[in-house]
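I have placed the structure first, in the form of structure tokens, so that the comments after it can refer back to it.
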Amino acid sequence: MVKLLIVDDEKEICEEFRETLEQEGFEVDVATSGKDGLQKVRQNLYNLILLDESMPGMEGDKVFEYLREFSKVPVAFVSGFLTPTKEKKVMSLGAVKCLRKPLELGEVKSLIQAVTGSARN
């Protein structure tokens, strides 16, 4: 089963998207801070991380830098207002994609399939 981690400080958005993805047959964990996300990655194996760029405490690009110290799990950045400069930076760090909020289910499913080779209806 494909296991995903959503790291986003907006709890309601996380829970709503978790429910949607679980209905599509994916296993989904949620972290509401960068620190919590890093801890979950240390404790679990994920096929893909959806990482919010703009979070209090630790921005997504910093979370990604720490993550790369111990994990190579694919990461897609998510943001409602990712600047072209920041997008270029996270892509140069090795992100697989930058997604715009609000997230589109079809786009996320296509990304999951591209990254994992696993299709869901």
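Go through the stretch 72-92 and give me each residue that's farther than 19 Å from V108 by Cβ and surrounded by 15 or more Cβ atoms within 10 Å (Cβ to Cβ). Within the stretch 72-92, K86, K89 qualify. For the stretch 74-101, filtering for residues that are without any contact (Cβ under 8 Å) to a residue 12 or more places away in the chain and not in a loop (DSSP other than H, G, I, E, B) leaves 6. In the set (1) outside any helix (DSSP H, G or I); (2) modelled with pLDDT under 95, the condition left unmet by I6 is number (2).
Is it true that some residue in the stretch 1-8 is among the basic types (K, R) and under 23 Å from E104 (Cα atoms)? Within the stretch 1-8, one or more residues are among the basic types (K, R) and under 23 Å from E104 (Cα atoms). Assessment of the stretch 51-71 against the conditions (surrounded by fewer than 18 Cβ atoms within 10 Å (Cβ to Cβ), without any contact (Cβ under 8 Å) to a residue 24 or more places away in the chain and under 25 Å from K88 (Cβ atoms)) yields at least one matching residue.
For the stretch 10-58, a residue qualifies if it is part of a loop (DSSP other than H, G, I, E, B), modelled with pLDDT of 95 or more and under 16 Å from S79 (Cα atoms), and the qualifying residues are T32, S33. Can L82 be described as at pLDDT below 90, of a type in the set (A, V, I, L, M) and in contact with a Cys (Cβ under 7 Å, 6 or more places away or on another chain)? Spelling it out, L82 is indeed at pLDDT below 90, of a type in the set (A, V, I, L, M) and in contact with a Cys (Cβ under 7 Å, 6 or more places away or on another chain). Has the stretch 88-98 got any residue that is of a type in the set (D, E, K, R), closer than 12 Å to L50 by Cβ and at pLDDT 90 or above? Yes - at least one qualifying residue is present in the stretch 88-98. Total residues in the stretch 59-73 satisfying the condition of being within 13 Å of D8 (Cβ to Cβ) and not in a helix (DSSP H, G or I): the figure is 1. Quickly run through the stretch 16-29 and pick out the residues that are over 17 Å from L51 (Cβ atoms) and either surrounded by 14 or more Cβ atoms within 10 Å (Cβ to Cβ) or in contact with a Cys (Cβ under 7 Å, 6 or more places away or on another chain) (or both). Matches in the stretch 16-29: T20, E24, E27.
The values are calculated or read from the model by the stated rules, or taken from the named source; none is laboratory data. Nothing here was measured: the structure is a model prediction, and the numbers come from that model. Every residue, glycine among them, receives a Cβ derived from its backbone with ideal geometry; neighbour counts consider all protein chains shown.
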